[in-house]
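The values are calculated or read from the model by the stated rules, or taken from the named source; none is laboratory data. None of these values were measured; they are calculated from a predicted model. A quick note on method: Cβ atoms are made from the backbone with ideal geometry, for glycine too, and the neighbour counts reach across all protein chains shown. Side chains are part of the model used for accessible areas, which takes the heavy atoms of the whole protein and leaves out ligands, DNA and RNA. Shrake-Rupley method; radii C 1.70, N 1.55, O 1.52, S 1.80 Å.
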Amino acid sequence: MSIAQNIASVKARLAAAAHKSGRTADEIKLVAVTKTQPVSVIEEALANGVRNIGENRIQEAEEKLPQLAAKFDEFHFIGHLQSNKIKKLMNLKPTLIHSIDKFSTASKLNDFLTLYDVEQDILIQVNTSGEESKFGIQPQETLAFVERISQLTKLRLKGLMTIGKLTTDEKEIRSCFRLLRELSERIEMADIPNVEMQYLSMGMTGDFELAIAEGANIVRIGSAIFGPRTY
Ligand SMILES: *Cc1c(COP(=O)(O)O)cnc(C)c1O
């Protein structure tokens, strides 16, 4: 299968899942995860209907993004953010940072933004699976964390992100996504200034239809578009 065919197939599956959940495809943002993919392959995806790209390593993004001749709409940072990489990340002008999970890093990011008098849209990453290997705030700590983050005036909190449990049990995966949606609803109801639960970023190649069924409106998809990754 070519990348063009893969993109068409992912978009068709996304649209079908959207309709099943009473929405339309244009209500769900597709982020093509381009990590490990060379510039030429990313260009091919951009020429065939991909508009938004996601990377999880700043150094890799730094090398590839300036080389892209094709235009894209949005760059999403989906990896773990270390405070010593903030300046480099901000140079890449991310539309959305999906993965805030540490107050000290968020606070340093806010200091940087204050210096340049700019604002940044962010999501908070929640560890909904309980897997120790995963980054993210614990579900029961999320509301308190949101309240602290809301004090950082240059950060615009736009929602939550999670990675579903790595298992073949669909019920378990779905319960991760349901938990994220419920947390987001609870936060919305708390009506915290400077906090808007606009986005639920959840769902990858193996589970994006389940995520959409639970309310995802950003899906992050790599291998279904590019094939398996070789590191
Ligand atoms: C790699 C990655 C993805 C995409 O994974 P696929 O299974 O290849 O679709 C999504 N989200 C994050 C945070 C990732 O690191």
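Structure values in brief
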{"item": "Values of log10 I(q)/I(0), in the order q = 0.14, 0.17, 0.24 Å⁻¹, for the stretch 35-100 under a Debye, Cα-only, solvent-free model", "result": "-0.37, -0.54, -1.06"}
{"item": "Percent carbon-and-sulfur accessible area, the stretch 7-71, ignoring ligands, DNA and RNA, probe 1.4 Å", "result": "51 percent"}
{"item": "Mean residue ellipticity (222 nm) of the chain, computed from DSSP H runs ≥ 4 via -39,500 (n - 2.57), nearest 500", "result": "-12000 deg cm²/dmol"}
{"item": "Tensor-based shape of the stretch 73-189 (alpha-carbon gyration tensor, a/c under 1.5 rounded, otherwise prolate or oblate)", "result": "prolate"}
{"item": "Interchain or long-range residues, amide H under 5 Å from V33's placed H", "result": "G54, I221, G222"}
{"item": "Heavy-atom accessible area ranking, 1.4 Å probe, most first, across R148, R13", "result": "R148, R13"}
{"item": "Accessible area of the stretch 72-177 belonging to carbon and sulfur atoms, whole % at 1.4 Å probe", "result": "47 percent"}
{"item": "Where the chain is the region considered: accessible area per residue in Å², 1.4 Å probe", "result": "49 Å²"}
{"item": "Quarter of the Cα convex hull surface for the stretch 1-128, i.e. its orientation-mean projected area (nm²)", "result": "9.1 nm²"}
{"item": "Simple spin-label estimate for S9 and R148 in nanometres, 7 Å along Cα-Cβ", "result": "4.4 nm"}
{"item": "³J(HN,Hα) computed for each position of the stretch 138-149 - Karplus, 6.51 cos²θ - 1.76 cosθ + 1.60, integer Hz, glycine/proline x", "result": "5, x, 6, 9, 5, 4, 5, 5, 4, 4, 5, 4"}
{"item": "Listed residue pairs exceeding 31 Å between alpha carbons, taken from K20/K64; K11/K154; K20/K88; K20/K102; K87/K171; K20/K165", "result": "K20/K64; K11/K154; K20/K88; K20/K102; K87/K171"}
{"item": "Pair R23, S2: separation of 7 Å Cα→Cβ label points (nm)", "result": "3.1 nm"}
{"item": "Separation in nanometres of the label points that stand 7 Å from Cα toward Cβ, at S133 and K87", "result": "3.5 nm"}
{"item": "Low-density loop positions, GluC sites (Glu not before Pro), the stretch 45-140 - DSSP coil, at most 16 other Cβ in 10 Å", "result": "E119, E131, E132"}
{"item": "Cα gyration tensor shape for the chain, rounded if a/c is under 1.5, else prolate or oblate", "result": "oblate"}
